[in-house]
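To keep things clear, I will list the structure first and then write my remarks on it.
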Amino acid sequence: MRQQLVIVGAGPRGTGLLERLAANAPELYAGPGLDIHLVDPHPPGGGRIWRQAQSPLLWMNSQAEDVTMFTDDTVAMAGPVREGPTLHEWARLDGRTFPDRQLQGRYLRWVYERAVADLPPNVTVHHHPHRALRVDGPREGRQRVWLEGRPHPLPADLVILAVGHLDSELDAEQAELAAYAREHGLVHLPPDFTADSDLSALAPGEPVLVRGFGLAFVDLMVLLTEGRGGRYEGETYRPSGREPVLYVGSRRGVPYHSKIGYDWTGDRPPLPRFLGPAEVAELLARPGGFDFRRDVWPLVEKELGFAHYHRLFTAHPGRTAMAWADFEEKYAAAGDPAETRALVAAAVPDPADRLDLTALDHPLEGVRYASHDDFQDGLRDYIEDDLRRRHDPAHSPDLGVFLGLLSVYGQLVRLGDIGSWWHGFFSYLASGPPGPRLRQMLALSRAGLLRFVGAGMAVTAEDGVFRATSPTVPGFSVEARALVEARLPAPTVRRARDSLLRELHADGAAETPDGLLRVDPGDGRVLDRTGRPHPRRFALGPYTDTRAPGAFTRPRTGGPAFRQNDATARAVLAFLSGSLVKELAR
């Protein structure tokens, strides 16, 4: 009897799992046959987010040479390494290009087809273009996966949920704003995937409040400007006349930092140094648990500081007042932040060369402008400075911090749910837009189609309109009949619009205080509310408490998602082979 494996989600995560199943099957699976059922309404490979049927104006925020779906010897995993081309090698384009998402979708489709071709002859893949509605079945027996539009479920010896980012029901604040919009004939667009949003209600020439200044905003900006017929001529934007006027603000009040525009040279910082497997194991072993700010963040600060100063001392020694060996010894021995600050002050004469993570996270803290127009000038200067710095190798300690962030993220995924702040901070520093997108922001600002609101942007619904204010410009406010929440929906189990996870939670699956699905960090098995792993249900992705920074990654950076995929694939194959042995022994 052929065994049945159902993978819900055929995007990059499901594709990565398939690649790892193909890599590990020769060693671990000796059964008579296995059917793998991929359940996804979107085409396999790209899935929803990276599907080829989307605007060619939307780019990746990674350079082509920094995108791979293949493992290398930096991935800490038990399975075999199977190398493959990066996006730029596969597409034969300049590695420094920021490709459009359609091209990435084609790459992912090719990776999927290669993974299918690499499976053993007795393993067959079936794609079901449907939504999965729920999973049920006895804990120790076959599961059933119910599909939309299908009267009969798919039988499954094992189920893996790899559904990626999720739509979410509105939280209390969003529901209140939506109700106010309906009552007063306003437009309210809640958190969503911008490429899927209906933007037609945002009228030409009308003000639109936008809350969120990250990558979702960049997509919104593109679709409402170039997407409506405008064009760039050098540093100047030529409007089509169909654009609205965007008033954007956020907690920080500034856009994410530009991608770094130069290559690494010289020695890389030896990471991890202060936050590695040993420190993670110690945190997990604490009887009373750990607190992120008290116990984890000091290690993160130390690690990022080490990466920064390693680069400063080794690549720019003329800007230091101490030998690296002496600094490293004293830095490692420093017992508290005050001691570290004193050491840095003595060894790094220019304050501009010192790493201040608090200032980076709060760039407009305490900053006040006399007028809205003054702030427009000030924030344009800020963006110009960021672009200059991120494209000047004289500031290459920034690239050291970037490598430190990747290393830290790879360790923190082992700790489970550490709250949402860290993920936002990582994205702000390490996953910002390409430099050309920030230059487009500047051009739109000069054209009067993009207006900056400030930090701590507050939105109220009163007097029949939405109103935005910010302490950055005291006394200023702007009114609009449209409000867009430019951010992804929060990945919470209880508020997932998709019934699959809600039903899983109702069936006993555990969630963290932040609403993430709890899974075994070792292999991704879904945990129940007593902490017991389900033997036949697995989950991977951003809605779990072991969320990795991405389903694909930069080459030679350890690939936390690849490590997770490998562990899950090996656990699945071992389970199927073991259950087959038990069946034959009966």
Item to complete: Would you be able to say whether some residue in segment 90-102 is part of a strand (DSSP E or B), over 21 Å from T568 (Cα atoms), among the charged types (D, E, K, R) and out of contact with any Asp or Glu (no Cβ under 7 Å at 6 or more places or on another chain)?
Response: yes
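Given the criteria of a type in the set (D, E, K, R) and surrounded by fewer than 22 Cβ atoms within 10 Å (Cβ to Cβ), does D263 qualify?
yes
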Worksheet item: Looking only at segment 142-162, which residues are open to solvent by less than 60 Å² (accessible area, probe 1.4 Å), out of contact with any Phe, Trp or Tyr (no Cβ under 7 Å at 6 or more places or on another chain), part of a loop (DSSP other than H, G, I, E, B) and more than 17 Å from L34 (Cα to Cα)?
Response: A162
Discussion item. All but one of (1) of a type in the set (S, T, Y); (2) more than 29 Å from G515 (Cα to Cα); (3) open to solvent by less than 30 Å² (accessible area, probe 1.4 Å) hold for S477; state the number of the condition that does not hold.
Written reply: (3)
Practice prompt. May I ask you to list the residues in segment 488-529 that are in contact with a Phe, Trp or Tyr (Cβ under 8 Å, 6 or more places away or on another chain), basic (K, R) and part of a loop (DSSP other than H, G, I, E, B)?
Written response: none
Discussion item. Which numbered condition in (1) in contact with a Gly (Cβ under 7 Å, 6 or more places away or on another chain); (2) in a helix (DSSP H, G or I) is the only one that P471 fails?
Written reply: (2)
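Go through the residues of segment 182-199 one by one and say whether even a single one is part of a loop (DSSP other than H, G, I, E, B), out of contact with any Phe, Trp or Tyr (no Cβ under 7 Å at 6 or more places or on another chain) and open to solvent by 60 Å² or more (accessible area, probe 1.4 Å).
Step one: list which residues in segment 182-199 are part of a loop (DSSP other than H, G, I, E, B), which gives 185-186, 190-193, 197-199.
From what's left, out of contact with any Phe, Trp or Tyr (no Cβ under 7 Å at 6 or more places or on another chain): 185, 190-193, 197-199.
Within this subset, residues satisfying the condition of being open to solvent by 60 Å² or more (accessible area, probe 1.4 Å) are 198.
Yes, the conditions are met somewhere in segment 182-199.
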Worksheet item: Can you tell which of F213, F217 is surrounded by 21 or more Cβ atoms within 10 Å (Cβ to Cβ) and in a loop (DSSP other than H, G, I, E, B)?
Response: F213
Fill in: Residue under evaluation E243, criteria (1) open to solvent by 20 Å² or more (accessible area, probe 1.4 Å); (2) outside any helix (DSSP H, G or I); (3) farther than 18 Å from V401 by Cβ, criterion not met
(1)
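Quick one: in segment 445-461, which of the residues that are in contact with a helix residue (DSSP H, G or I) (Cβ under 9 Å, 6 or more places away or on another chain) and not small (G, A, S) is most open to solvent (accessible area, probe 1.4 Å)? Lay out the reasoning, then the answer.
Looking only at segment 445-461, we keep the residues that are in contact with a helix residue (DSSP H, G or I) (Cβ under 9 Å, 6 or more places away or on another chain), and these are 445-446, 449-454, 459, 461.
Next, from what is left, pick out any that are not small (G, A, S): 446, 449-453, 459.
Values: R446: 117, L449: 25, L450: 2, R451: 47, F452: 0, V453: 1, V459: 21 Å².
Ranking the candidates gives R446 first.
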Fill in: Tabulated pairs, segment 475-496, first under 18 Å from T194 (Cα atoms), second among the aromatic types (F, W, Y), C-beta under 6 angstrom, 6+ apart or interchain
L483/F466; A486/F217; P491/Y543
Worksheet item: When the residues of segment 274-305 are filtered to those that are in a loop (DSSP other than H, G, I, E, B) and buried (at least 18 other Cβ atoms within 10 Å of the Cβ), which remaining residue is nearest to the chain's Cα centre (by Cα)?
Response: L275
Worksheet item: Under 6 Å by Cβ, and 6 or more places apart or on different chains, what pairs join a residue from segment 1-23 that is on the phi > 0 side of the Ramachandran plot and modelled with pLDDT of 95 or more with one that is in a loop (DSSP other than H, G, I, E, B) and open to solvent by less than 10 Å² (accessible area, probe 1.4 Å)?
Response: G9/A162
Response to the item:
The residue that is least open to solvent (accessible area, probe 1.4 Å), considering only those in segment 171-181 that are within 29 Å of V8 (Cβ to Cβ) and touching a residue at least 40 places away in the same chain (Cβ under 8 Å), is Q174
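Can you find, within segment 548-586, the residue that is modelled with the lowest pLDDT among those that are charged (D, E, K, R) and touching a helix residue (DSSP H, G or I) at 6+ places or on another chain (Cβ under 7 Å)?
The first filter runs over segment 548-586 and keeps only residues charged (D, E, K, R), leaving 554, 556, 563, 566, 570, 582-583, 586.
Of the ones still in play, those that are also touching a helix residue (DSSP H, G or I) at 6+ places or on another chain (Cβ under 7 Å) are 554, 566, 570.
Working: R554: 89, D566: 98, R570: 98.
Checking each candidate, the answer is R554.
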Discussion item. Kindly evaluate V222 against the criterion of being in a strand (DSSP E or B) and open to solvent by less than 10 Å² (accessible area, probe 1.4 Å).
Written reply: no
Item to complete: Starting from segment 79-95, keep only residues that are under 22 Å from P26 (Cα atoms) and among the charged types (D, E, K, R), then list their pairs with residues that are open to solvent by 50 Å² or more (accessible area, probe 1.4 Å) and not in a loop (DSSP other than H, G, I, E, B) whose Cβ atoms are within a distance under 8 Å, requiring at least 6 positions of separation or different chains.
Response: R82/D118
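Does segment 521-531 include one or more residues that are of a type in the set (V, I, T), modelled with pLDDT of 90 or more, buried (at least 22 other Cβ atoms within 10 Å of the Cβ) and within 30 Å of K259 (Cβ to Cβ)?
Step one: list which residues in segment 521-531 are of a type in the set (V, I, T), which gives 526, 530.
Okay, now just the ones that are also modelled with pLDDT of 90 or more, so 526, 530.
Those left that are additionally buried (at least 22 other Cβ atoms within 10 Å of the Cβ): 526.
Now restrict to residues that are within 30 Å of K259 (Cβ to Cβ): none.
No, segment 521-531 contains no residue that is of a type in the set (V, I, T), modelled with pLDDT of 90 or more, buried (at least 22 other Cβ atoms within 10 Å of the Cβ) and within 30 Å of K259 (Cβ to Cβ).
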Worksheet item: Do you know which of the residues in segment 346-373 that are without any contact (Cβ under 8 Å) to a residue 12 or more places away in the chain and not in a loop (DSSP other than H, G, I, E, B) is farthest from the chain's Cα centre (by Cα)?
Response: D373
Discussion item. Tally up the residues in segment 306-329 that are touching a residue at least 60 places away in the same chain (Cβ under 8 Å) and not in a loop (DSSP other than H, G, I, E, B), please.
Written reply: 8
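Has segment 443-464 got any residue that is within 20 Å of the chain's Cα centre (by Cα) and touching a residue at least 12 places away in the same chain (Cβ under 8 Å)?
So in segment 443-464, the residues within 20 Å of the chain's Cα centre (by Cα) come out as none.
Checking segment 443-464: not a single residue is within 20 Å of the chain's Cα centre (by Cα) and touching a residue at least 12 places away in the same chain (Cβ under 8 Å).
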Fill in: All positions within segment 107-141 that are over 14 Å from L34 (Cα atoms), in a loop (DSSP other than H, G, I, E, B) and open to solvent by 20 Å² or more (accessible area, probe 1.4 Å)
P129, H130, R131, G137, P138, R139, E140
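The values are calculated or read from the model by the stated rules, or taken from the named source; none is laboratory data. Since we're looking at a predicted model, the values are computed, not measured. For neighbour counting, all protein chains shown are included, and Cβ atoms are generated from backbone atoms with ideal geometry for every residue, glycine included. Calculation scope for accessible area: heavy atoms of the full protein, side chains included, ligands and nucleic acids excluded. Shrake-Rupley method; radii C 1.70, N 1.55, O 1.52, S 1.80 Å.
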